[in-house]
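Asks: Okay, here's the structure, questions in a sec.
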């Protein structure tokens, strides 16, 4: 995942943890719903002011949004894993499943 993909996945997971729709987050952060969609899908790189608005709307610090993955909640880790798995080819997905099954 590149940094925009990580940022989008983290914002999406935090939004879902608050049970906010993209529209609700957009309204609370004074952004357009389209802007939220683009950020979550890594189609847009938000500036620090936009990240601050999103952090405030979600009730978290900017640091929580930008911090290292080792501090991520389980929901955020799952969201990132889903994002990666959704983008994989069928062969790579089958290989990943074989690898992950070793940890059961």
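Asks: With an 8 Å Cα cut-off and a minimum separation of 6 or more residues, compute the relative contact order for the chain in percent.
Replies: Rounded, it is 31 percent for the chain.
Asks: Here's something else I'd like to know. Distances longer than 17 Å among the Cα atoms of the chain: what percent of all pairs is that?
Replies: For the chain, the share of Cα pairs beyond 17 Å comes to 53 percent.
Rule-based calculations on the coordinates, nothing more; no lab input. Here the structure is a predicted model, which means the values were calculated and not measured.
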